[in-house]
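Presented below is the structure to which this report refers.
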Amino acid sequence: MGFLLDGRNKPLHPPQSDKANVDVPLVNLDVNLKPAGLEPVNRCEAVELGGVSIPGLIDSDVNGTDVRIDSPRHTAHGLPCYRNLPAFGVLQHAAEQLPDHPAVIYGDQSWTYSQLNQETIRAAAMLQGLGVCPGDRVGILLPNVPEYIIAANAIWRAGGVAVAISPLMVAEEVQRLLETTDCRYVVSLDMLSHLINEDQRLDVTTLLVSIREHLPSLHQLGYLWARRSRTGRWTLPSTTRCRWFWEEIHRTTRSWQPISISPVTDPAYILPTGGTTGVPKAVTLSHTNLVANAWQQYRWTDERFGQDKMLAVLPFFHSYGMSATVMGGAAMGATLVLHHRFNTRQVIRLLEDHCPTVFHAVPAMLIAMNERFKTHPPQVDGLRWVISGGAPLEATVGSEFAKHTGALVVEGYGLSESSPVTHVGNLFAVPRYGTIGLPLPHTECRIVDAAGTVNDEVPSGEVGELLIRGPQVMLGYWNDSAATRQAVNQGWLHTGDLAVKTPDGYYCIVGRKKDLIITSGFNVYPKEIEAVLRDAEGVADAAVVSHADPRRGEVVKAFVVMKPKAIFCVDSLKLHCLKHLSKYKQPKIYEQCDDLPRNFLGKVIRRELRQPEFDATISPEKESAE
């Protein structure tokens with residue numbers, strides 16, 4: 001393996017082969033349980049781990065020497081509880097219970113839990129040496145690489161607060177987030193460093209990471225070229241403002257100094273949100289929020305520990321990727337198979353080569369893989385669970401993926417403000433497509449009148465706003481107490497999603513509260529209309545929004561994407577909707593578009609459909625009294 005990147009980047013430990021099986025450079029960063037009826041045992045009522053010094057776990061000095069704390073050998077077991085545990089304690093627990101078990105596979109390299117934990121301790125000592133103090137914000141601007149896991153855990157060990165920075169952001173957005181959070185340190189991919197350093201007014205120390213040495217020799221040259229085209233430099237200097245992550249770790253001689261953490265109240269993770277709302281906010285999660293959500297997902301698997309291999313291609317900078325794979329993977333003692341970006345063929349190759357048992361995904365990933373499977377049937381063995389989140393999962397998509405792979409495909413639900421997972425489909429039963437599943441352990445749910453308060457619950461079977469209460473609900477929005485009070489009332493998180501509960505306890509999301517269309521006093525839920533439109537002949541996709549109307553208040557406006565060679569015919573669409581929808585639900589305006597605006601998770605961004613440039617209507621229906 002060559003280490004030609006300015007001599008700065010060092011391997012985490014001696015590589016196991018000459019080059020990694022990663023066949024394309026990172027030129028762009030595209031993406032994108034207990035069985036029902038069983039009551040979970042509330043172990044947290046009786047078990048307290050007490051503070052940040054966890055009996056029986058590994059402590060190490062900066063050189064990686066293990067210091068065992070009265071830990072007799074016994075059968076490995078998962079976390080007994082989430083209370084009073086700092087965020088780095090999940091990885092530390094796995095390192096004690098499964099020290100020699102593979103924690104991460106990236107290309108042809110792998111790291112055991114013991115090795116990974118030791119690297120985080122060395123990195124924490126380095127951060128403390130640079131001046132990171134308890135409460136300081138440290139950004140992470142990385143794709144899915146081992147350094148993301150190391151940096152996050154090191155920041156928490158140093159008492160800092162990790163700030164998730166999306167590689168999909170532009171420089172202006174990155175700099176605004178750094179200013180908002182007063183972030184003084186950033187661990188960044190070298191290829192993305194220009195997003196931080198463009199504004200010389202920001203006093204930010206950048207610690208650079210590269211994936212170049214993980215690439216085959218030919219692609220290393222392509223990586224250097226791509227980096228130069230982005231940063232304007234062939235080589236990146238090591239200065240007081242810009243240093244190399246591994247170089248700083250290797251020159252650190254001090255030991256990590258344990259610090260005091262209050263897991264319930266101390267912030268651990270800040271991530272920007274507002275994707276479909278258009279109002280940027282920074283969700284602040286505590287140590288307990290992160291640990292609790294990881295523990296809840298571990299419990300949902302019937303407490304499987306050290307038995308699974310997890311495909312980790314969901315972006316770690318997104319709350320779903322952080323919780324389900326980084327934190328949840330460690331809570332399960334799972335081996336994470338990493339790849340720095342989603343690419344359909346590469347991910348399928350990882351499925352075939354590494355045989356993971358768990359795959360967290362978003363529908364857009366499954367759709368792309370299904371298309372590939374049609375012409376290239378996969379050779380997948382051992383895939384047990386596929387958990388889809390981030391956007392609604394169509395039944396046809398889930399069942400087709402299950403047919404190709406033999407996996408159980410279920411849908412989950414959550415939002416950044418709840419760390420994010422609150423519901424998951426039953427992993428030990430036939431999938432219930434169209435539902436988001438059941439609440440995770442220690443998660444309370446209410447469905448209330450959309451215009452009412454937390455106590456105005458609607459009768460069973462009726463639609464209302466879904467409220468969540470549990471240990472995973474955020475501390476609040478960073479420096480925005482007004483928005484926090486609006487979102488969380490008496491511990492209940494207002495999700496903004498309209499939902500209904502089935503008689504057997506499953507939950508279904510009907511739509512967004514803000515997307516509800518009220519026409520002539522009737523409530524219209526976009527999801528229902530869109531499902532009907534997608535069934536129309538020649539229609540590939542559809543989305544509906546409200547459109548102001550002087551007589552009805554609002555009417556339904558539909559945006560339709562046609563299949564290749566299909567003809568857009570308004571009359572045909574009207575006739576189809578006439579057969580399947582009540583009159584007040586039928587779209588009054590139709591517009592054809594080449595594609596629907598979506599975020600990187602595949603969720604439709606409706607606010608863009610409401611912009612003036614989308615207002616050129618093709619066929620408004622003639623006004624008539626209803």
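The values are calculated or read from the model by the stated rules, or taken from the named source; none is laboratory data. Only a predicted model underlies this, so the values are computations on that prediction, with no experimental measurement involved. Here the Cβ is made from the backbone with ideal geometry for all residues, glycine too, and neighbour counts use every protein chain on show. For the accessible areas, the whole protein counts, side chains as well, though only heavy atoms, and no ligand, DNA or RNA atoms are used. Shrake-Rupley method; radii C 1.70, N 1.55, O 1.52, S 1.80 Å.
Tabulated results
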read-out	value
In the range 460-496, residue nearest to residue 416 (Cα to Cα) [restricted to those that are in contact with a Lys or Arg (Cβ under 7 Å, 6 or more places away or on another chain), open to solvent by less than 20 Å² (accessible area, probe 1.4 Å) and not aliphatic (A, V, I, L, M)]	496
Residue list for the range 101-138, restricted to those being within 12 Å of residue 335 (Cβ to Cβ), touching a helix residue (DSSP H, G or I) at 6+ places or on another chain (Cβ under 9 Å) and not hydrophobic (A, V, I, L, M, F, W, C)	101, 102, 106, 112, 113
Top-ranked residue of the range 499-531 - restricted to ones that are part of a strand (DSSP E or B) and over 19 Å from residue 467 (Cα atoms), ranked as most open to solvent (accessible area, probe 1.4 Å)	522
Residue 174 of a type in the set (Val, Ile, Thr), within 23 Å of residue 127 (Cα to Cα), part of a strand (DSSP E or B) and in contact with a Leu (Cβ under 6 Å, 6 or more places away or on another chain)	no
Those residues of the range 429-459 which are hydroxyl-bearing (Ser, Thr, Tyr), at pLDDT 95 or above and either assigned to a strand (DSSP E or B) or open to solvent by 30 Å² or more (accessible area, probe 1.4 Å) (or both), in sequence order	433
Of all residues making up the range 415-428, the number that are part of a loop (DSSP other than H, G, I, E, B), at pLDDT 95 or above and not hydroxyl-bearing (Ser, Thr, Tyr)	5
Filtered residues of the range 415-429 (kept if in contact with a Gly (Cβ under 6 Å, 6 or more places away or on another chain) and of a type in the set (S, T, N, Q))	422
Qualifying positions in the range 123-148 - out of contact with any Ser or Thr (no Cβ under 7 Å at 6 or more places or on another chain) and either at pLDDT below 95 or open to solvent by 10 Å² or more (accessible area, probe 1.4 Å) (or both)	128, 131, 133, 134, 135, 136
Considering residues of the range 194-213 that are assigned to a helix (DSSP H, G or I) and touching a Pro at 6+ places or on another chain (Cβ under 9 Å) only, the residue farthest from residue 106 (Cα to Cα)	195
Of residues in the range 229-255 being assigned to a helix (DSSP H, G or I) and modelled with pLDDT of 90 or more, the one nearest to the chain's Cα centre (by Cα)	245
Enumeration of residues in the range 532-549 that are open to solvent by less than 40 Å² (accessible area, probe 1.4 Å), touching a helix residue (DSSP H, G or I) at 6+ places or on another chain (Cβ under 8 Å) and not small (Gly, Ala, Ser)	532, 533, 539, 541, 544, 545
Tabulated pairs, the range 83-96, first crowded, with 24+ Cβ neighbours inside 10 Å, second of a type in the set (Ser, Thr, Tyr) and not in a helix (DSSP H, G or I), C-beta under 8 angstrom, 6+ apart or interchain	87/269
Residue within the range 219-227 that is modelled with pLDDT under 95 and at positive phi present	no
Residue identified as part of a strand (DSSP E or B) and in contact with a Lys or Arg (Cβ under 9 Å, 6 or more places away or on another chain) among 162, 103, 154	162
Verdict on residue 309 being open to solvent by 40 Å² or more (accessible area, probe 1.4 Å) and closer than 21 Å to residue 163 by Cα	no
First in the range 314-330 and of a type in the set (Val, Ile, Thr), second anywhere and crowded, with 24+ Cβ neighbours inside 10 Å and part of a helix (DSSP H, G or I), Cβ under 7 Å, 6 or more apart	326/149; 326/152
The listed residue being under 20 Å from the mean Cα position of the chain (by Cα), modelled with pLDDT of 95 or more, farther than 14 Å from residue 87 by Cβ and of a type in the set (Ser, Thr, Tyr), out of 166, 188	188
Residue check for residue 301: of a type in the set (S, T, N, Q) and more than 16 Å from residue 427 (Cα to Cα)	no
Strands (runs of 3 or more DSSP E) fully within the range 269-367 counting 2 or more residues that are under 19 Å from residue 387 (Cβ atoms)	309-312, 335-338, 358-361
Residues located in the range 391-414, provided they are buried (at least 23 other Cβ atoms within 10 Å of the Cβ) and either in contact with a Gly (Cβ under 6 Å, 6 or more places away or on another chain) or modelled with pLDDT under 95 (or both)	393, 409, 410, 411, 412
